[in-house]
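What follows is a single structure, written as structure tokens, with notes after it.
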Amino acid sequence: MNLFRRAYSSVAPKHVQFFQSILPPHAVLSSLSPSNTPLDELAPFNTDWMQKYRGQATTVLKPKTTQQVSAIVRYCAEHTIPIVPQGGNTGLVGGSIPLRDELVVSLANMNSVRSFDPVSGILVADAGCILQSLTDYVAPHNHIMPIDLGAKGSCQIGGNVATNAGGLRLLRYGSLHGSVLGLEVVLPDGTILDQLTSLRKDNTGYDLKQLFIGAEGTLGIITGVSILTPPSPQASTNVILALPHFDNVLPLYKTVKRQLSEILSAFEFIDRTAYELAVKHGQGRALSDEDVAGAECFVLVETSGGRREHDEEKLTDLLTSLLEADKPLINTGVLSQNPAQFSSLWALREGVTEAVSKEGKAYKYDISIPLASFKDVVDATREHLHSKGLLGEHAVKHVLGYGHVGDGNLHLNICAAAYTQEIQDALEPFVYELVASYRGSVSAEHGIGSMKTHALHYSKSATSIAWMKKIKALFDPKGIMNPNKVLE
Ligand code: FAD
Ligand code: MLT
Ligand code: ZN
């Protein structure tokens, strides 16, 4: 089913006039309005973070209230105008960018905290609140957000929920399917579904909110989020471990889990290429030559616990036992000594995404596969590109791997001089078939967007896809909500 075969209406001047009549001044950006918004003001809404996807939206709306979102959507349903909900536009699969000239509804102006209960830690916020601003909001109350990711300065909580983003804290705090307690959603006919409950327990039939978590804006526009924020750890520290061989990652993970147990809060992996790109592009401070010598890859371990002395003792004991083992799994470990070093070590891992985008154009494959196969997949992809004659400064500059070991999630990145059809054809379906051969997932955490609609079948059965389509048709019979995203 290609939703774009439907008879959609393009936004026209008369529609813009209507939007102007229901929204505050400055909430309508349109090249069709009498004031004629210049194209360069619309460009940021038509281009994604990687500069890979480009849309042709003529009109962007920035409502301030749920009622305004509802009025916009009701009108679009009546006139069959397709809508792309947009949060911070940091998505990596082309979900937030129009495929053609769909109307963009940006949540950026819905950015107020509605309530926070310091006893339960339950935060209720508008969907357009930026993740970092929520982190800052709850910090004085000694709470943290249950989710953290490199895009925290721009991504919005609504976008996080819409993508079911994973990130750097999933190992400790689990997925948003657990920490989101309630949602307010404007459905594709304009109805407001108020499920903004703040109850920890609520077994009253179907849990509808779960459907919108990870739906990538295809079932409705999330306008409010109720989320459980955990107490801030009393002490956090981190260490980067340099490993001589990738094969040591798995036994290391087992050892670290056993020895650190309840204080382990992150176990993140970067290969040597990812490390070198991070350093080259100024993400965190380089380790010394001595620390890096002979390292094939690195692991960042973070601890978060209740008492600093206790946690530091555990971490020091771990390092000592790792270094003094008969066959050491690590070459060395660099322990952070102060908050600046803590951030700098994290930057080496978190900054890889930014570094890759500074180095070139990224083909990103965010996959779940058995941990033992992380390196094989990176190597097999590199060899495949080599066999096609595509490795080199003017084609594919680097093939690298990094990711969330604790979640079995590898980020396979191909960094190229430019996006070309030749590289694209060499990578797909090659990578997806490789993932399928491990019975893996073609999207561990970034979603499907427009990038992977054709690859969904590698990870979902025909029956599952058929039911997803039925759910989509039930909620959105006119197919106006983010058409051709997630489902073809
Ligand atoms: P957008 O990019 O604007 O939108 C993403 C999708 O959600 C689109 O389909 C859009 O239509 C839909 N959407 C957005 N807001 C709403 C809403 N209110 N209602 C309904 N639908 C909506 N992702 C991870 O999972 N883990 C990571 O560790 C991670 N790290 C990243 C690091 C960097 C540097 C960057 C650039 C990206 C990273 N991402 C990561 C990807 C991205 O940040 C996440 O997917 C994020 O959750 C997207 O939020 P956003 O507000 O930018 O959404
Ligand atoms: C990460 O883990 O760094 C993010 O998912 C972003 C990326 O894949 O580059
Ligand atoms: Zn990630």
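What the table shows:
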| read-out | value |
| --- | --- |
| Sites HIS245 and ALA466 - FRET efficiency at Förster radius 56 Å, r taken between beta-carbons, to 0.05 | 0.80 |
| Potential lengthening between SER112 and TYR75 on full extension [0.36 nm per residue; Cα-Cα distance subtracted] | 10.8 nm |
| CD proxy at 222 nm, helix term only [per DSSP H run n ≥ 4: -39500 (n - 2.57); per residue of the chain; nearest 500] | -9500 deg cm²/dmol |
| Magnitude of the charge dipole, region 3-109, Cβ model with Lys/Arg +1 and Asp/Glu -1, debye to 20 | 220 |
| Potential lengthening between ASP207 and HIS281 on full extension [0.36 nm per residue; Cα-Cα distance subtracted] | 22.2 nm |
| Nearest-ten-degree value, helix 308-324 long axis tilted from longest Cα axis of the chain | 60 |
| Two-site label geometry, ALA417 and LYS257: point separation in nm, points 7 Å out along Cα→Cβ | 4.4 |
| Count, lysine Cα pairs under 25 Å in region 235-352, 8 or more residues apart or across chains | 5 |
| Extended-chain gain in nm, criterion 0.36 nm per residue less alpha-carbon gap, VAL119 and GLU428 | 106.3 nm |
| The chain, relative contact order in percent, only Cα pairs under 8 angstrom and at least six apart counted | 16 |
| Cα radius of gyration and Dmax for region 10-147 (Å) | 16.6, 51 |
| Whole-angstrom gap from region 428-488 to region 103-170, using each part's C-alpha centre | 26 |
| Dipole of the chain, positive end: most advanced residue of LEU434, GLN259, GLY182 [Cβ charges, Cα centre] | GLY182 |
| Region 356-476, dipole about Cα centre (Lys/Arg Cβ +1, Asp/Glu Cβ -1), debye to the nearest 20 | 340 |
| Segments 401-409, 363-371, 461-469, 309-317 sorted - mean Cβ within 10 Å per residue, highest first | 401-409, 363-371, 309-317, 461-469 |
| Charge dipole (debye, nearest 20) of the chain; +1 at Cβ of Lys and Arg, -1 at Cβ of Asp and Glu | 1420 |
| Förster radius 60 Å - calculated FRET efficiency between SER133 and GLU383 (Cβ-Cβ, nearest 0.05) | 0.85 |
| Kirkwood hydrodynamic radius (C-alpha pairs) into Stokes-Einstein, the chain, 37 °C and 0.692 mPa s, D in µm²/s | 139 |
| Protection proxy ranking of 348-358, 12-22 - average other beta-carbon atoms within 10 Å, highest first | 348-358, 12-22 |
| Charge context of VAL249, other residues only, Cβ under 12 angstrom, K/R +1, D/E -1 | -2 |
| Partner lysines for LYS469 [C-alpha distance under 20 Å; skip if fewer than 8 residues away on the same chain] | LYS209, LYS452, LYS460, LYS478, LYS485 |
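Laboratory data are not the source of any read-out in this text; all were calculated from the coordinates shown. Note that the structure is a prediction, hence the values are computed from the model and not measured. Positions of Cβ are backbone-derived with ideal geometry, glycine not excepted, and every protein chain shown enters the neighbour counts.
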